[in-house]
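Here's the structure, in structure tokens; my notes come after.
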Ligand code: BG6
């Protein structure tokens, strides 16, 4: 069954105008810049959403020239450039590079001078967005350096985007917040989580608050449990240096999964305004807690991928990956059970899981509704299935609703069917990458989809008992091995089996 929509193509994108400005990327020689940021900026350029008075200044320690920077960036966009050679040529006239080490005060003055030159050349009016795509250990010193050089002085003309992870735990996030807020106003700070840039994550808000049918049943009276999954098929790739000290808990759970949890469970805001939305997200995260804070090993499972794959395509185990300690206990998989202590969700278990090298790439939120109070009909599979609303974040962006119907033929047996909505079929155009939306929003000065200081702290506080236990008595929370390209360790299945449930196998 397909739900049809008849969108007017024009008007799908609400146009807002980015003012003349220079986007400064620190960490311009890094992976994120060429894999995500430059492609996203090029996309905005092709969509004619960047002003003509616009420049991108890449900064890193490497002694590249503007020309070298342009060449490096073009290597990661070969297919795009082949299709749009003229656009790329035009786009690169806006790309500049300056070798900068933010730890060297003389470099920040060099940066200031270069920015003034760019202002003259491209008429960017001293309007700047600084993007910290550097190692998290440089977030504090980066903010201080920019502030000391006077580059964050004007809150109307300067803003700073900070990548995740923001802190390593509750205390370090608090400390980092204090430092950042000494350098800039909270309204200038954009803590980015690219999951909030995904169309399907934003759609949870629209689905919930633009329809009348969902909100009345979106609570403990009708929902029996919620599963939130973000599964990846890739391994650690070439990021062992970062991942070894992060693990799935810090890399995915504290930010991406927690944001999906907050959007799914928050109360309706009074109006669609950045602070109203962020107030509600922060509030619900403050009410969330691990199912067993005193004994986290009873509600959390950690795993680590081992070898797997096929004879023709064997896959390495995590401990054999380049740069990984052969005795590493870093988790590449986490599953856990949470509760939210408020009127709407009291008693409803939330199961969240994420992992690398799992069987399938998929992110989804699954709301399972309570069983019908009386079973009047025989069910095809023995027992009637519970209604489920599945919000497909990626891939196959969309949603599906599962419910029972009469099985054809004589008798009155029921069987489940699915009603489906697909972004692709309804809108016929792929959604933009999360970074396209978020970069545009940061440059527009719209903080709705960025994490506020209290939200980021609440998200860390939620996992504190777990982080402390891993730190103090890691044997209580061992990393169970799971074969690559399977659904994680069997201990994670037992976590749900205790509640007579199964993980959904998407
Ligand atoms: C990043 C993590 O934030 O998100 C990566 O650091 C992960 O480890 C990635 O692979 C997943 O993002 P997406 O959009 O592919 O689900």
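Every residue in the stretch 408-423 that is in contact with a helix residue (DSSP H, G or I) (Cβ under 9 Å, 6 or more places away or on another chain) and closer than 15 Å to residue 381 by Cβ, please. Talk me through it step by step, then tell me what you get.
Here is the first cut: in the stretch 408-423, the residues in contact with a helix residue (DSSP H, G or I) (Cβ under 9 Å, 6 or more places away or on another chain) are 423.
Once the filter is applied, which keeps residues that are in contact with a helix residue (DSSP H, G or I) (Cβ under 9 Å, 6 or more places away or on another chain) and closer than 15 Å to residue 381 by Cβ, the stretch 408-423 yields nothing.
Cβ-Cβ distance below 8 Å, separation of 6 or more or different chains: which pairs start in the stretch 389-402 with a residue that is over 11 Å from residue 200 (Cβ atoms) and end on one that is in a strand (DSSP E or B) and within 14 Å of the ligand (Cβ to nearest atom)?
390/364; 390/365; 400/392
Residue check, residue 259 against (1) surrounded by 20 or more Cβ atoms within 10 Å (Cβ to Cβ); (2) within 15 Å of the ligand (Cβ to nearest atom); (3) under 19 Å from residue 332 (Cα atoms), all met but one. Which one?
(3)
How about the stretch 427-506: which helices (runs of 4 or more DSSP H) wholly inside it have at least 3 residues that are in contact (Cβ under 8 Å) with a residue 40 or more places away in the chain and over 30 Å from residue 158 (Cα atoms)? Step through it out loud before you land on a result.
On the way: elements: 434-444, 453-462, 464-472, 490-497.
The helices (runs of 4 or more DSSP H) meeting that bar are 464-472, 490-497.
When you scan the stretch 87-111, how many residues do you find that are crowded, with 16+ Cβ neighbours inside 10 Å and part of a helix (DSSP H, G or I)?
Adding up the residues that qualify gives 7.
Table: residues versus (1) in a strand (DSSP E or B); (2) within 16 Å of the ligand (Cβ to nearest atom); (3) over 16 Å from residue 266 (Cβ atoms).
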| residue | (1), (2), (3) |
| --- | --- |
| 206 | no, no, no |
| 212 | no, no, yes |
| 220 | no, no, no |
| 228 | yes, yes, no |
| 233 | no, yes, yes |
| 237 | no, yes, yes |
| 242 | no, yes, yes |
| 245 | no, yes, yes |
| 251 | no, yes, yes |
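Pairs needed: first member in the stretch 155-166, more than 17 Å from residue 441 (Cβ to Cβ); second member anywhere, at pLDDT below 95 and within 16 Å of the ligand (Cβ to nearest atom); C-beta distance under 6 Å; at least 6 residues apart or different chains.
165/136
Residue check, residue 195 against (1) more than 16 Å from the ligand (Cβ to nearest atom); (2) touching a helix residue (DSSP H, G or I) at 6+ places or on another chain (Cβ under 6 Å), all met but one. Which one?
Of everything listed in (1) more than 16 Å from the ligand (Cβ to nearest atom); (2) touching a helix residue (DSSP H, G or I) at 6+ places or on another chain (Cβ under 6 Å), residue 195 misses just condition (1).
The values are calculated or read from the model by the stated rules, or taken from the named source; none is laboratory data. The structure displayed is predicted, hence computed values, not measured ones. Please note: Cβ atoms are built from the backbone with ideal geometry, for glycine as well, and neighbour counts cover all protein chains shown.
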